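One structure is given here, and the rest of the page talks about it.
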Amino acid sequence: MNKRLVLLTSIIIVLLLSACEDEDNIPENVTYTEHVAPILFKNCTICHRPGGNAHFFFLTYEDARKNAGATAFLVKERIMPPWPADPHYMEFVGQRVLTGREIKMLDKWANTGTPKGADYKLPPAPKFPYGSTVGIPDLRIPVQPVFLKRNSYDKFLLVKVPYELPSDTFAGLIEFVPGKKNMVHHVNGDLVKYQFEKKKDVFAGERVVDMAEDTAGLLHAYERLGLPNDDGTYPLLQKSVVNYLLGVVGQRYPEGIGGYLLPRKGAFLLNDLHYGFTAKDDVWDSSYINIFFSKSPPIRPTQEFQLGTLSSFGTAPVIPDLIIQPNTIKQVYSKYTVPDDISIVTINPHMHLIGKSFKAYAIKPDGDTIRLISIPKWDFNWQYFYTFKKMVKVPKGSTIYAEGVYDNTKHNMNNPFSPPRLVRDQNGSMKATDEMFQFIVTYLPYQPGDENISLESK
Ligand code: HEC
């Protein structure tokens, strides 16, 4: 054989081997301790644990055995672990996607009597801190508990969470943790930065204003919350420092990237603490904010813009209008041309219940496409902030496109109305039964070498 043929044959063998490795090389005896536990610990326990967002756990053999059938089914359908983004289109930090081999192993285990296996092969269960998706916070600030009346729907609150620190402090991550995980739908919060001498008491004023009840306007609500300085002027507001959507896992960027300067006196202003449906009984929600300090100042603070509903520029509207007639499927898009080179770190696609699919990419001035994200099957319950493994450079003059498809037919299992009704956006109404189309981009001004900076390190 000549050399090239040898090379070619070995490449083919390697390819065949790796295909076998992935799909068909399933052990004779699939056991819990050796094969199943490692898969569950790596991909499931983060949510299926005490304080996680699922109501049952994957910590013990019993947990796995009881749920073996449902597990085999849900992983095959790729419903669990929830990861709506197509991993073949783009990979992100912390993605949880099972390989074909792992899925087959879980299936075999469920169908061969769920054997336990030898105890010594069991890896240690992962440890997750209680009440955080990230770690043990340096500071935890409670949000004023909120009373939720039974069987109500869609409450939007403006909430002040004041604090005072011994000195100005750098923070790497600010994490919102809902008390009632299945009821808090989302939060978008800003940081009110006081100059120390201009505000005597950051704790004065009300903590919560129900936006449905206060009709006198936002400024009136700000006054009720006691936001202004003592002389009546307004302090600086840093937008969007703490965000939450169902299923979100906190993401810390490497030191120096992102991060915040928390002044000695400040307050988090949760613009819309949105509760979806509530339970059968009256409950109190006690959410809180975790703060993780950082050694370095925010050398390169992140910035943000958004396309679609309430777009940052008013220049990236939804096209055509987001008005979806009953019994129709409608495609919309939004686009924005970036005026400078940017490095995208995190993206967040956002639609509501009748969303069907979402895709975003950028077209460079030379016509090349930069992939951003594809979500073939939209899932209202899992709206992650997706962080790229490495920053994505989008050069000046590129146009970012976001495309969404909405299914307002009776075939959409998530359609809140039966029979289907006209659904539309209402001035950015965030009610789940109204629609939204948004693509939020978190970025830095580009610096040479950004493409090589990994965002995976903590
Ligand atoms: C990001 C969070 C998250 C991850 C990761 C996750 N789950 Fe879930 N899972 C949930 C939530 C939330 C539910 C809804 C039911 C509940 O509240 O427990 C659920 C439901 C389930 C159910 C259905 C229970 C029922 O109602 O019958 C099974 C089975 C399941 N998950 C298995 C898994 C397995 C196996 C993995 C890993 C391969 C996994 N999950 C990963 C959050 C998660």
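Odds and ends about this structure:
- Virtual paramagnetic centre 7 Å along Cα→Cβ of Arg96, amide N under 13 Å, in the stretch 225-256: 247-250
- Available extension along the chain between Asp340 and His88 is 87.9 nm, counting 0.36 nm per residue and deducting the alpha carbon span.
- Take Trp378: with every protein chain present and a 1.4 Å probe, its accessible area is about 20 Å².
- Estimated translational D of the chain in µm²/s (Stokes, Kirkwood radius over Cα pairs; 25 °C; 0.890 mPa s): 101
- What the Cβ-Cβ distance of Glu28 and Ala54 gives, at R0 = 30 Å and to the nearest 0.05, is a FRET efficiency of 0.40.
- Between the stretch 375-429 and the stretch 115-194, the Cα center-to-center distance that results, in Å: 25
- Thr369/Lys198 FRET efficiency (R0 45 Å; Cβ-Cβ; nearest 0.05): 0.35
- Accessible-area value, Arg150, 1.4 Å probe, nucleic acids and ligands omitted, Å²: 120
- Average Cα contact separation per residue, the chain, under 8 Å, 6 or more apart, as relative contact order %: 18
- Mean accessible surface per residue for the stretch 139-300, computed with a 1.4 Å probe while every protein chain stays in place, in Å²: 45
- Looking at the stretch 398-458, the accessible area is 49 square angstrom per residue; that uses a 1.4 Å probe and ignores ligands, DNA and RNA.
- All other residues whose Cβ lies under 11 angstrom from that of Arg371 are scored, Lys and Arg at +1 and Asp and Glu at -1, for a net of -2.
- Counting only protein heavy atoms and a probe of 1.4 Å, the accessible surface of the chain is 56% carbon and sulfur.
- Remark on the stretch 139-300: ratio of C-alpha radius of gyration to 2.2 N^0.38 Å is 1.05.
- Rounded tilt (10° steps) of 3-23 against the dominant C-alpha axis of the chain: 70
- Ordered by solvent-accessible area of protein heavy atoms (1.4 Å probe), largest first, the residues Trp382, Trp284 come out as Trp284, Trp382.
- Under-5 Å amide H pairs with Ser294, H placed in peptide plane, nonlocal only: Phe170, Ala171, Gly172
- Förster-model FRET efficiency, 35 Å R0, Ala216 and Leu165, C-beta, rounded to 0.05: 0.60
- Pairwise label distance in nanometres, Lys121 with Gln331, each label 7 Å out on the Cα-Cβ vector: 4.9
- Tensor-based shape of the stretch 245-359 (alpha-carbon gyration tensor, a/c under 1.5 rounded, otherwise prolate or oblate): oblate
- A 1.4 Å probe run over the protein chains yields, for the stretch 347-386, 38 Å² of accessible area per residue, whole-number rounding.
- With each label modelled as a point 7 angstrom along the Cα→C-beta vector, the Gln426-Phe73 pair spans 3.6 nm.
The values are calculated or read from the model by the stated rules, or taken from the named source; none is laboratory data. Being a predicted model, the structure only gives us computed values, none of them experimental. FYI the Cβ positions are ideal-geometry reconstructions off the backbone, even for glycines, and counts take in every protein chain you see. Heads up: the accessible areas ignore ligands, DNA and RNA and are worked out on the full protein's heavy atoms, side chains in. Shrake-Rupley method; radii C 1.70, N 1.55, O 1.52, S 1.80 Å.
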